[in-house]
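To start, the structure under review is shown below, and the notes come after it.
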Amino acid sequence: GAVVSQHPSWVICKSGTSVKIECRSLDFQATTMFWYRQFPKQSLMLMATSNEGSKATYEQGVEKDKFLINHASLTLSTLTVTSAHPEDSSFYICSATSGGGIQYFGAGTRLSVL
Amino acid sequence: AQKVTQAQTEISVVEKEDVTLDCVYETRDTTYYLFWYKQPPSGELVFLIRRNSFDEQNEISGRYSWNFQKSTSSFNFTITASQVVDSAVYFCALGFSTGGFKTIFGAGTRLFVKA
């Protein structure tokens, strides 16, 4: 199956710093990538959808300036959590699709903001 | 509304029992996809199956089987002869294109399989 690599898998940072998470499709070209957030024992909440070369589409309630998404190529999307605060601590998951509806997921990034 | 409901929060079974995970969906799209994903303790989501709205055929893959019924808007998932390794959270998801293609997830069902 298709492989999506997400890095880092775990990051701890100080409040006020910015953190960048990378999502790469390793063996296919991803026309669309998605970013989700998951709180403990809860479902995945879609944060934004990004298409290569265009601005990301954010879901209602997601701060665009807080969560910067860049989809510079067909194999790479990045999520930057700017000026992170403890309430941003969460499990962030990316997924990628080349069409057909099936999304392949990265392993997730656990962010802890102190 | 576009919605996925997994009414079972947690299910606990003994190994070798059969277990069915329920999924009910709502959508105004006539073309849509339904999915099941498995999330083991490691956190990574594993794709299990995709069904499009025009294909109501049930499917069996090893110990897994899926029952798609448009009349009741349900897409249930059955594990036969469960094993400890099946312990995970299982998510049912709905993919639709209104407003740009996206996938929404149900709340998940946490399955515990005891030896």
In 5 Å bins starting at 0, how do the alpha-carbon pair distances of the protein assembly as shown split up by percent?
1, 7, 14, 18, 19, 16, 12, 8, 4, 1, 0
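Take peptide B:102-108, look around each residue's Cβ out to 10 angstrom, count Cβ atoms belonging to other protein chains, and average those counts.
Numbers: counts 8, 10, 4, 7, 2, 4, 5.
Per residue, the number of nearby Cβ atoms from other chains is 6 on average.
Treat every Asp and Glu Cβ in chain B as -1 and every Lys and Arg Cβ as +1, leave all other atoms uncharged, and give the resulting dipole magnitude about the Cα centre to the nearest 20 debye.
Details: 11 positive and 12 negative charges, 44 e Å.
Roughly 220 debye, rounded to the nearest 20.
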Could you pull out every residue, at least 5 positions away or on a different chain, whose amide H is within less than 5 Å of the one on B:LEU111? Hs are placed 1.01 Å off N in the peptide plane, and Pro or chain starts have none.
B:ILE11, B:ALA88, B:VAL89, B:TYR90
Place +1 on the Cβ of every Lys and Arg and -1 on the Cβ of every Asp and Glu in the protein assembly as shown, take the dipole about the Cα centre, and give the residue among B:THR72, A:SER89, A:GLY108 whose Cα lies farthest towards its positive end.
A:SER89
What nm distance separates the two modelled labels at B:ALA115 and A:SER83, each placed 7 Å from Cα along Cα→Cβ?
5.2 nm
Beyond 17 Å, the calculated P(r) of chain A holds a percent of Cα-Cα pairs equal to 50 percent
Work out the length of the dipole vector of the protein assembly as shown about its Cα centre, built from +1 on the beta-carbon of each Lys and Arg and -1 on the beta-carbon of each Asp and Glu, and round it to the nearest 20 debye.
340 debye
Counting only trypsin sites (Lys or Arg not before Pro) that are in a DSSP loop and have at most 15 other C-beta atoms within 10 Å, tell me the longest site-free stretch of chain B.
B:64-115
With a Förster distance of 45 angstrom and the Cβ-Cβ distance between B:ASP18 and A:LYS20, calculated FRET efficiency to the nearest 0.05 equals 0.50
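Among DSSP beta bridges whose residues both lie in the protein assembly as shown, state the antiparallel percentage, nearest 5.
Close to 90 percent.
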Sorted largest first, extent of the range B:1-82 alpha carbons per principal axis (Å)
39, 25, 21
For peptide B:89-101, what's the mean number of Cβ atoms from other chains within 10 Å of each residue's Cβ?
2
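Read-outs: derived from the displayed coordinates by stated rules, not from any lab. Remember, it's a predicted structure, so these values are computed and weren't measured experimentally. So basically every Cβ, Gly included, is an ideal-geometry build from the backbone, and we count neighbours across all protein chains shown.
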